[in-house]
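To start, the structure itself, in structure tokens.
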Amino acid sequence: MIAPPIPDNETKRQAAVEKYRLLDTMPEENYDNITSIISSICDAPISLITLIDKDRNFLKSRHGVDMSESPRELSFCGHAILQNDIFEVENALLDPRFSDNPLVLGAPHIRAYAGCPIRTVDGYRVGTLCLIDTKSRS
């Protein structure tokens, strides 16, 4: 497994995450509607709206999983915020960054992932809107 690198602008990026005061907040219907619709449209069992905190991936909205966070070092979304566009993994078992990741080998058994960075108005990538499948796919 390869943990996601820390962005060069991490201090400012983290300040942007904290500015929105969404960390550790309760689920909200508007966000949950988005993840539900995205899962339905893309026929994916799991969709998330995440915020990448200092050492964790906080799930602001989740469809298809019960957990509310995961360690940042295991996070697919931590890799996705390093990209300008959609970050896609078609088969996590074949990708050296993820093949021995506990989220791949155990629940939720991630095989495919697609994440789009969520940017602030200042351009900081604070989290993702992502889809996860338990079978390989693009």
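The values are calculated or read from the model by the stated rules, or taken from the named source; none is laboratory data. Worth saying up front: this structure is predicted, and the values here are computed from it rather than measured. A quick note on method: Cβ atoms are made from the backbone with ideal geometry, for glycine too, and the neighbour counts reach across all protein chains shown. Side chains included, ligands, DNA and RNA excluded: accessible areas come from the protein's heavy atoms. Shrake-Rupley method; radii C 1.70, N 1.55, O 1.52, S 1.80 Å.
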Check: If we scan segment 38-53, do we find a residue that is open to solvent by 30 Å² or more (accessible area, probe 1.4 Å), within 17 Å of the chain's Cα centre (by Cα) and more than 17 Å from Phe76 (Cβ to Cβ)?
Finding: no
Next item on the list: Please enumerate the residues belonging to segment 1-37 that are within 21 Å of Arg97 (Cβ to Cβ) and in a loop (DSSP other than H, G, I, E, B).
Entry: Met1, Ile2, Ala3, Pro4, Pro5, Ile6, Pro7, Asp8
Next item on the list: Would you check which residues across segment 54-77 are in a strand (DSSP E or B), open to solvent by 60 Å² or more (accessible area, probe 1.4 Å) and either in contact with an Asp or Glu (Cβ under 6 Å, 6 or more places away or on another chain) or among the basic types (Lys, Arg) (or both) and list them?
Entry: Arg62
Check: In segment 87-122, what residues are assigned to a loop (DSSP other than H, G, I, E, B), open to solvent by 40 Å² or more (accessible area, probe 1.4 Å) and either at positive phi or out of contact with any helix residue (DSSP H, G or I) (no Cβ under 8 Å at 6 or more places or on another chain) (or both)?
Finding: Glu90, Asn91, Pro96, Asp100, Ala107, His109, Val121
Note to self: Considering only residues that are among the small types (Gly, Ala, Ser), closer than 20 Å to Cys116 by Cβ and open to solvent by 40 Å² or more (accessible area, probe 1.4 Å), which ones fall in segment 14-37?
What the structure shows: Ser36
Margin query: Tell me yes or no: at least one residue of segment 38-48 is farther than 14 Å from Thr134 by Cα, in contact (Cβ under 8 Å) with a residue 60 or more places away in the chain and part of a loop (DSSP other than H, G, I, E, B).
Written below: no
